[in-house]
Amino acid sequence: MRTAFIHWLCQKAQHDPSIVLITADLGFSVVEPFVELFPERFFNVGVAEQNMVGIASGLASEGFRPYTYSIGIFPTFRCAEQLRNDVDYHQLPVVTCSVGSGVTYGALGYTHHMIQDLSLMRSLPSTLIGSPADPCEVEAILDWHSQNPCPLYLRLHKAGDPLLHDQPITVRPGSWLPIYQPPSSQSEDQDCCVLVIGALSAKIVSILKDCAASISAFSIPLWGQPVSEEFAIHLRKFRRIISVEDHLLPGGFGSWLLELTASSKCETRIDPVTLPANSVGAVASEATLLAPVLKEFKEKIMPYAKTC
């Protein structure tokens, strides 16, 4: 995903001189193509994330289109005040790109876990959350944002993410993108579906295929407070929705859905699958830390499985 981000940035910057990339001394071995093409539009501010966001806000207020880039929770929690007061409050078109969603950097421990970042970023009323499922969705989110400037948090995995879409796609806030459809022989009258965010989507699709599950799955690449009312309308189409994410339950995608159903008096049952609370103190590989999530998801879809 990070490669798709830099590739898109390089292509777009050739025609848009307002694009600027700012990093806080991270991202090397990834950002070099942009640095080589546009050295005058690349700034490494050092280990100073708060300053990075301040600079990005100032540039945005002068008509530039800044993209900040770092890993883990460094570009979010470390500079929460600047994101709240400088970017979101003034509705500036700053893209905050963070690489290493969920427990991607699991072996580095809690300091690098991105398992509470959504709770912070989705509390900002003008900020959209970009949670792409594959590299195609990364580019689609950035394409939409280039035409619709606003504060955006782009939450990326790392690298090696499989493609879930076999052709270019378009997205808009609140889009439901199909990533798994039941075999054609199964009934289309479904009362349950799966909503998943981020790179975890590929693993969820694999489980659904292995189980020949009779429920559809959708990726939600763009969401957040600005689309809450519209999104609640879609939820009413199903009696039960299983949500899946690489984040803790409090403040995450599943809790956002629960809030929407409660505030809109929607009777859809939301069944969240999230990282367990003990992920906070865990140090292990991403595969090990995600295992409980995948196990719980498989158990929840058993009533819809044909071959598991």
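Pick from Thr261, Thr288, Thr274: which is touching a Lys or Arg at 6+ places or on another chain (Cβ under 9 Å) and among the polar types (S, T, N, Q)?
Only one candidate passes the filter, namely Thr261.
So, in region 166-192, of the ones that are buried (at least 20 other Cβ atoms within 10 Å of the Cβ) and over 14 Å from the mean Cα position of the chain (by Cα), which residue ends up farthest from Asp143 (Cα to Cα)?
Cys192
Cβ contacts < 6 Å: first residue of a type in the set (Ser, Thr, Tyr), restricted to region 78-105; second residue in a helix (DSSP H, G or I), any location; separation 6+ or different chain. Result?
So the pair list comes out as Thr104/Glu286; Tyr105/His112.
Mind listing just one residue for me: the one in region 31-70 that is of a type in the set (S, T, N, Q) and assigned to a helix (DSSP H, G or I) and, of those, surrounded by the fewest Cβ atoms within 10 Å (Cβ to Cβ)?
Applying the filter and picking the extreme gives Ser61.
Could you give every pair whose Cβ atoms fall below 7 Å, whose first residue belongs to region 48-70 and is on the phi > 0 side of the Ramachandran plot and among the basic types (Lys, Arg), and whose second residue is modelled with pLDDT of 95 or more and surrounded by 23 or more Cβ atoms within 10 Å (Cβ to Cβ), counting only separations of at least 6 or pairs across chains?
Going by the 7 Å Cβ cut-off, there are no qualifying pairs.
For Leu208, indicate whether it is crowded, with 18+ Cβ neighbours inside 10 Å, touching a residue at least 60 places away in the same chain (Cβ under 8 Å) and over 16 Å from Glu299 (Cβ atoms).
No, not satisfied.
For region 81-109, how many residues are under 28 Å from Asp143 (Cβ atoms), of a type in the set (A, V, I, L, M) and not in a loop (DSSP other than H, G, I, E, B)?
Count: 4.
One line per residue, one yes/no per condition, for (1) at pLDDT 95 or above; (2) surrounded by fewer than 23 Cβ atoms within 10 Å (Cβ to Cβ); (3) part of a strand (DSSP E or B):
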{"site": "Thr111", "(1), (2), (3)": "no, yes, no"}
{"site": "Ser119", "(1), (2), (3)": "yes, yes, no"}
{"site": "Leu124", "(1), (2), (3)": "yes, yes, no"}
{"site": "Ile129", "(1), (2), (3)": "yes, no, yes"}
{"site": "Glu139", "(1), (2), (3)": "yes, yes, no"}
{"site": "Cys150", "(1), (2), (3)": "yes, yes, no"}
{"site": "Leu154", "(1), (2), (3)": "yes, no, yes"}
{"site": "Ala159", "(1), (2), (3)": "no, yes, no"}
{"site": "Pro162", "(1), (2), (3)": "no, yes, no"}
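Checking the structure you have, find out if any residue of region 71-80 is closer than 23 Å to Pro250 by Cα, in a helix (DSSP H, G or I) and out of contact with any helix residue (DSSP H, G or I) (no Cβ under 9 Å at 6 or more places or on another chain).
Looking for residues that are closer than 23 Å to Pro250 by Cα, in a helix (DSSP H, G or I) and out of contact with any helix residue (DSSP H, G or I) (no Cβ under 9 Å at 6 or more places or on another chain), one finds none in region 71-80, hence no.
For region 277-300, what are the residues that are touching a Leu at 6+ places or on another chain (Cβ under 8 Å) and not polar (S, T, N, Q)?
Selection gives Ala277, Val280, Ala282, Val283, Leu289, Leu290, Pro292, Val293.
Hey, any hits in region 14-30 for a residue that's aliphatic (A, V, I, L, M), in the same structural domain as Leu128 (by TED's automatic domain parsing), part of a helix (DSSP H, G or I) and modelled with pLDDT of 95 or more? Give the steps one after another, and end with the answer.
Residues of region 14-30 that are aliphatic (A, V, I, L, M), as a first pass: 19-22, 24, 26, 30.
Applying the additional criterion that residues be in the same structural domain as Leu128 (by TED's automatic domain parsing) yields 19-22, 24, 26, 30.
Now drop any that are not part of a helix (DSSP H, G or I), which leaves none.
The answer is no, given that none of the residues of region 14-30 is aliphatic (A, V, I, L, M), in the same structural domain as Leu128 (by TED's automatic domain parsing), part of a helix (DSSP H, G or I) and modelled with pLDDT of 95 or more.
The values are calculated or read from the model by the stated rules, or taken from the named source; none is laboratory data. Computed from a prediction, not measured in an experiment: that's the story for all the values here. For neighbour counting, all protein chains shown are included, and Cβ atoms are generated from backbone atoms with ideal geometry for every residue, glycine included.
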